[in-house]
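Single-structure report; data block below.
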Amino acid sequence: MPVYSHKKPVLIVDGYNLLRSSGAYKDFEDVDDYDDDPLNRAREKLIADVAVYAQNRYEAYVVFDGGGNVMSEGIPQKTAGIKVIFSPANTDADSVIERLSFKAREEDREVVVISSDWAVQNATFKDGVTRMSSAGFSQEIESVNEDLEESSQDYSKFTLGSRIDPKVRAKLEEMARPRKKNGAR
């Protein structure tokens, strides 16, 4: 069993695999969008979801395949606290995911890879790397989003007004009403 360092675990998401394997992002595709790229909104939603999931618990990466783009340099861009990488020209996302996973394992860090791609699984899921399917991760994201929504609805219960005795609150509201010039309310 591997012994991990005290560094944050690494979360690596196979971006296009998650977009295509999960129905969670279908509603965000094919929306009229900037640059006429039908996947822009879906990618943005996925990145936002990963950022919420990671929440300083992970050093998180979302890797998209950019190998067919001759202009892609594969340079990580930090967005919402996570690193987004389009693989460099002539390199597939699988290779980038494998490299990131290998580097993290060399640093004795825990690694979680999100992908349902057999080639990614075969290349990276060894030596203590944890695998989560794209469908499983989508369910995790849905659960996190539901928890956040529920907690934001419950937040109103913690306002001062909700904790004051109704009689005291009525008296305070009466006192807060502006007085007329003769002193009457």
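The values are calculated or read from the model by the stated rules, or taken from the named source; none is laboratory data. The model shown is predicted, which means the values in this text are computed figures rather than measured ones. When we count neighbours, we look across all protein chains shown, and the Cβ atoms used for this are built from the backbone with ideal geometry, even at glycine.
Hey, among 52, 84, which residue is within 22 Å of residue 145 (Cα to Cα), in contact (Cβ under 8 Å) with a residue 12 or more places away in the chain and in a strand (DSSP E or B)?
Just one listed residue meets the conditions, 84.
Suppose we filter 66, 161 for residues that are at pLDDT 85 or above and either under 19 Å from residue 45 (Cα atoms) or more than 21 Å from the chain's Cα centre (by Cα) (or both); which single one remains?
One residue alone meets the criteria, 66.
Looking at (1) touching a Ser or Thr at 6+ places or on another chain (Cβ under 9 Å); (2) among the small types (Gly, Ala, Ser); (3) not in a loop (DSSP other than H, G, I, E, B), which one does residue 104 not meet, given that it meets all the others?
The number of the failed condition is (1).
In the stretch 56-89, what residues are hydrophobic (A, V, I, L, M, F, W, C) and under 21 Å from residue 115 (Cβ atoms)?
The answer is 60, 62, 63, 64, 80, 82, 84, 85, 86.
Would the stretch 107-128 turn up any residue that is at pLDDT below 90 and under 12 Å from residue 11 (Cβ atoms)?
Taking the stretch 107-128 and keeping what is at pLDDT below 90, we get 116-128.
Of the ones still in play, those that are also under 12 Å from residue 11 (Cβ atoms) are none.
Looking through the stretch 107-128, none of the residues is at pLDDT below 90 and under 12 Å from residue 11 (Cβ atoms).
I want to confirm something. Restricting to the stretch 164-178 and keeping residues that are exposed (fewer than 10 other Cβ atoms within 10 Å of the Cβ) and acidic (Asp, Glu), which single residue is modelled with the highest pLDDT?
Per the stated criteria, the residue is 174.
Take residue 89 and decide whether it is buried (at least 17 other Cβ atoms within 10 Å of the Cβ) and of a type in the set (Gly, Ala, Ser).
For residue 89, the condition - buried (at least 17 other Cβ atoms within 10 Å of the Cβ) and of a type in the set (Gly, Ala, Ser) - is not met.
Out of 140, 59, report the one residue that is surrounded by fewer than 15 Cβ atoms within 10 Å (Cβ to Cβ), at negative phi and among the acidic types (Asp, Glu).
Unique residue meeting the criteria: 140.
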